[in-house]
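Below is one structure, written out as structure tokens, with a few remarks after it.
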Amino acid sequence: MARITFTGVSSGNLGDHVGDEPGTVEINRGQLLTQLSLTKIQYMNQVHGNEVVVIDSNSSGIPTCDALVTTDKSIALAVLTADCLPILISSQSVAGAIHAGRKGVTNGIIANTIHQMAKLGASDMQAHIGPAICANCYEVDRKMYEELVARFPELATENSMNNLDLIAAASSQLQGLGLQVQSVDICTKECRDFFSYRRETNTGRQAAVISI
Ligand SMILES: [Zn+2]
């Protein structure tokens, strides 16, 4: 049974790339590790790309990628967000963590991760989408809206603004790959218990953590 956790503001900032004191981030990460009784949480240097990295007991350092997968039960995987979608993939024998913002929803990172997990033997995958910006709060300019909706119709919304529905588009991709999808349905911009880049710009990062 996979263990899944979504942190919020109360766990402090867990991102070491957003101008916070490195010491503070280290303390917050240490507290999370203790709180969850884990021995290792693997973070990544997220770059809005479509690289997936397999983590095992020999892995060291922080890989530059936007998804992590592992078959090692002693390693938890983390994705850091503040509006982007954290997508955790559970299965009996493989865990996955995906960072999927607007770029991730359109660059193939979701399918890449599911394929990599299948290669490692996952057959019963389920997706869990954590707190993320909702369609009502995610407006982009008209040109971007038209370009992206032409390629990914699931991103479309029906209001008169140029709002994209990242959660619907990600869910559709996951379902298309045969997964059941659960979403916590919490909007980071509207709920102040979570960090939101759109609400604050200079803000912390929450973590979505999974281990098998
Ligand atoms: Zn919202």
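Structure notes:
- Using the Stokes-Einstein relation with a Kirkwood hydrodynamic radius computed over Cα pairs, the translational diffusion coefficient of the stretch 10-55 at 25 °C and a viscosity of 0.890 mPa s comes to 203 µm²/s.
- Helical contribution to [θ] at 222 nm, DSSP H n ≥ 4, -39,500 (n - 2.57), averaged over the chain, rounded to 500: -7500 deg cm²/dmol
- Partner aspartates and glutamates for Lys143 [C-alpha distance under 14 Å; skip if fewer than 8 residues away on the same chain]: none
- Three-way shape call for the stretch 165-212 based on the alpha-carbon gyration tensor, with the a/c threshold at 1.5: prolate
- The packing ranking, built from the mean of other Cβ atoms within 10 Å per residue, places the peptides 70-82, 149-161 in the order 70-82, 149-161, highest first.
- Between Thr188 and Ala132, Ile133, Cys134, the built amide H atoms are under 5 Å apart, and every one of these is 5 or more places off in sequence or on another chain.
- Rounded to 5, the percent of DSSP beta bridges in the chain classed as antiparallel: 65
- Test item: Cα-centred dipole of the chain, Lys/Arg +1 and Asp/Glu -1 on Cβ, debye: 240
- Accessible area of the chain belonging to carbon and sulfur atoms, whole % at 1.4 Å probe: 48
- Antiparallel DSSP beta bridges within the stretch 1-126, percent to nearest 5: 55
- The stretch 50-124: radius of gyration over Cα atoms, expressed as a fraction of 2.2 N^0.38 Å: 1.02
- What the Kirkwood sum gives for the chain is a hydrodynamic radius of 17.2 Å, with every pair of different alpha carbons counted.
- A 1.4 Å probe run over the protein chains yields, for the stretch 43-192, 44 Å² of accessible area per residue, whole-number rounding.
- Hull shadow area, averaged, the stretch 93-192 [alpha-carbon convex hull, nm²]: 6.6
The values are calculated or read from the model by the stated rules, or taken from the named source; none is laboratory data. Nothing here was measured: the structure is a model prediction, and the numbers come from that model. All Cβ positions, even for glycine, are placed from backbone atoms using ideal geometry, and neighbour counts span all protein chains on display. For the accessible areas, the whole protein counts, side chains as well, though only heavy atoms, and no ligand, DNA or RNA atoms are used. Shrake-Rupley method; radii C 1.70, N 1.55, O 1.52, S 1.80 Å.
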